[in-house]
């Protein structure tokens, strides 16, 4: 599972000085659970996910990935997760097939097994037409599909996904949603951020709304409806952010 404990991240800007991107943030995403993080641009969602993925260190606090402290043993924690981010680069001169094989080797997966798993992702995400096309020739949506295959290739017990359906068409987005549901059924922990409210309402067991790096509302959809007296997640989100201004 994922457990964040009082995470705080401060950046320093020459003009603006000290900027608190994540402010005393604590939450939990258990095995077999999907937790959605919602927030406006600049709310601290991506910074939080990058901390959990061990890409940046928190200024204070810590987090645990399957019981492993990300500060004390970041490499071991990293091996437990798959991380998808919009700014995760792909090697532009390689093809999707070559990229998956390369990352398969990094994960200790044989070429044969990598090809088998890629074939499964190809079927689910309709990638067959561009598996042998270089990345720099692919559309944004096609690159996103390659990134998702790379992220989930090694069957990690924890998935951290920053806007996984960004840039995808309706059919591809639906396929990603099914992959996330499948991960939950396999008892994995799934943490993802999204701006698509109906996607969050349909998928998530629990919601965490953050604003200016702080948690302003959290709970199941039903709990949030009861607490706010509202039936629509869009309204719940906007009212929560407005009240936190």
Quiz item: If you check residue 151 against the conditions, is it surrounded by 16 or more Cβ atoms within 10 Å (Cβ to Cβ) and closer than 30 Å to residue 18 by Cα?
Solution: no
Quiz item: If a residue has to be modelled with pLDDT of 90 or more, farther than 16 Å from residue 104 by Cα and assigned to a loop (DSSP other than H, G, I, E, B) to count, how many in segment 128-140 make the cut?
Solution: 7
Quiz item: Can you pull out the residues in segment 208-232 that are in contact with a helix residue (DSSP H, G or I) (Cβ under 6 Å, 6 or more places away or on another chain) and touching a residue at least 40 places away in the same chain (Cβ under 8 Å)?
Solution: 209, 211
Quiz item: more than 30 Å from residue 212 (Cβ to Cβ) and touching a helix residue (DSSP H, G or I) at 6+ places or on another chain (Cβ under 6 Å) - does that describe any residue in segment 76-83?
Solution: no
Exercise. Considering only segment 21-38, state which residues are more than 24 Å from residue 183 (Cβ to Cβ) and either buried (at least 16 other Cβ atoms within 10 Å of the Cβ) or free of Cβ contacts under 8 Å to residues at least 24 places away in the same chain (or both).
Key: 21, 22, 23
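The values are calculated or read from the model by the stated rules, or taken from the named source; none is laboratory data. None of these values were measured; they are calculated from a predicted model. Virtual Cβ from ideal backbone geometry, glycine too; neighbours counted across all protein chains shown.
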